[in-house]
1. If you take the C-alpha gyration tensor of chain B, multiply each eigenvalue by 5 and take the square root, what semi-axes do you get, largest first, in whole Å?
2. If you take every residue apart from residue A:150 with its C-beta less than 10 Å away from the C-beta of residue A:150, what net charge results, scoring Lys and Arg +1 and Asp and Glu -1?
3. Over region A:44-165, what is the mean sequence separation of C-alpha contacts under 8 Å (at least six apart), divided by residue count, expressed as relative contact order in percent?
4. For region A:125-165 and region B:251-307, what is the centre-to-centre distance using only Cα atoms, to the nearest Å?
5. Two-decimal Rg/Rh of region A:56-114 from alpha-carbon positions, Kirkwood Rh?
6. D for region B:1-53, whole µm²/s, Stokes-Einstein with Kirkwood Rh over alpha-carbon pairs at 4 °C and 1.567 mPa s: what number?
7. log₁₀ I(q)/I(0) of region B:91-142 at q = 0.15, 0.23 Å⁻¹, via Debye over equal Cα point scatterers, no solvent, to two decimals?
8. Expressed as an acute angle from 0 to 90° and rounded to the nearest 10, what is the orientation of the C-alpha long axis of helix B:109-126 relative to the principal long axis of chain B?
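Computed from the coordinates by the stated procedures, all read-outs in this text should not be read as laboratory data. Because the structure is a prediction, the values reported are computed rather than measured. Please note: Cβ atoms are built from the backbone with ideal geometry, for glycine as well, and neighbour counts cover all protein chains shown.
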Amino acid sequence: MNDSTEPADPIADPRTFLAEIGPESVVGILLVTGILAVMSIAVFFRYVLNDSLGWSEELARYGLVYVTFLGAALAARRGSHIRVSVLEHFLPPRWRRLLHLLQEVLTLAFVFTIAVLAIRISGILHGTKSAAMLLPMSYVYAAIVIGFGLAALRHAVVLWRTARR
Amino acid sequence: MLALLFGSLLVLLLLGVPVFAALGISSLLYIVLAGIPPMIVVQQMFNGIDKFSLLAVPFFILAGILMNAARITDELFTFARSLVGHLRGGLGHVNIVASVIFSGMSGTAVADAGGLGTVEIKAMRDQGYPERFAVGITAASSTIGPIIPPSLSMIVYGVVANASIGQLFAAGIVPGILMALALHVMVWYLAWRHDYPRERRAGLRRIATTFLSSLPALVAPVIIIGGIVTGVVTPTEAAAVAVIYALLVGVFWYRALGAGAIVRALFETFETTAVVMLMVSASAAFGWILVRENIAAGFTQAIVTLAGDPWQAMLLLNLILLFAGMFMETVAIILILTPIMIPVLDTYGIDHVQFGVIMVLNLMIGLLTPPIGLLLFVMARIARMDLMSVTAACAPFMIPLIIVLVLISLFPALTLTVPGWFFDH
């Protein structure tokens, strides 16, 4: 911690920041802001105007679904997933790299499988509409296809880089 | 099949596969081998996070980050200092008081340690407190955060255990205050033994000025906790209000929040929320299998053969949680162990709300234990110490926390009285 009283600007250079967070985070930031706005408007309507909005809760929930699955792409690139990292402390560097490869392969296989299954579900549920907004459920399940699809690509890149190192 | 589900999960976790993928892969494996259509996994992963109560997760995370960024923590610290700084070992007591107030707006121990902790450790170093004491009390007092509402861990427990989040929040108030009192006693003892410094007693005028300048920060917990516990707002709505409040106070009152800080806070919220929610999502598929195959029955059977009385069962559950807390992250443990432990609670007539507080306190103690203790890592980073020294520094402060854990395990009234005032059981 530095001793100056003024905190440094957290985003000194927008371009570096953008490269750090990636395009999925731009969407993620907009989604979090949007969910907050929708919920705030809903609270205002309910307590100040005594009128509840039927669609607000559903919209916010689906926003959170998109945040969750898009975040998988970000977490894949930044390695921010929560995991038990005991074993690698006891391994020599060579084995540690192999372990890292294995972790990436397994995670890649999982997100890829789920993304493919989600494509099939989206197809089946295209005719089904959500309760409040009458949105086709395929649009909501698309969050899994897009998020885990991107995550699979990201894991593949990490895998490629680890393998070549 | 039971061995397959838990065996594969355990192996994947030990290999260091991300928790959400480990849960998902073992669920998929089970479902394919049991001949169930695998699409059910995707549906459960979706249903598991498509819940109104979970919207509180990003909001409480964001509110905590914003309040730290708005330097509300500095004001709180100054106010607490004018109140109890004159006691022997004053800054140790200040540390606890500030943590209790900050707990009322923040939902995670890491937000407390990372924000308030930086201010606290610096002040204690400047006054010549031993490093060990400063780091130990800062880490220990951070564990109060998720016990006093709001609390990310309690929201997740409430969703998995199907317990009222409002009741869980109300149930945490007394145990949180007990933790603070127990830590005060510990500080008092250490300060007396090692003759720690004290500060000049602040005059009434100083107390009044620091009170006024930290007033916006002090009002936040009253709005958040008051609103939820009295049932005026849902926890999700309260969380949204907390964010708006933090934004208004940070931008217009303290003038410490710029556009850059807000965008970064939103980004950190996006990342943390997704990482937590992905685990919630995958654990829903895992939990679905547990219920469908009635797998928890075996676990309950094992506990029943070992424990005759409820208190013995409680002891066993506590030990399992403390052990798990040494190796895994809080939310991950709540997600995996809650569905297994709920039938045991029902067998022995243990209240789900009481157990929620017990579980979270166990896991908070786990944050202070090696080899995997998130708070140890945070403290090592902000105090620039090695992990071994941080671990040693935190060890004595686990005694008061364990005493509180024993108390709330033995006496349901400590957790259930306050929710009883506000909710029909």
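1. So the three semi-axes of chain B are 36, 24, 20 Å.
2. The answer is +1.
3. 37
4. Here the two parts' Cα centres lie 20 Å apart.
5. My calculation of the ratio gives 1.15.
6. Taking Rh from Cα pairs, D becomes 110 µm²/s.
7. Computed log10 I(q)/I(0) values: -0.33, -0.74.
8. Between helix and principal axis, roughly 30 degrees.
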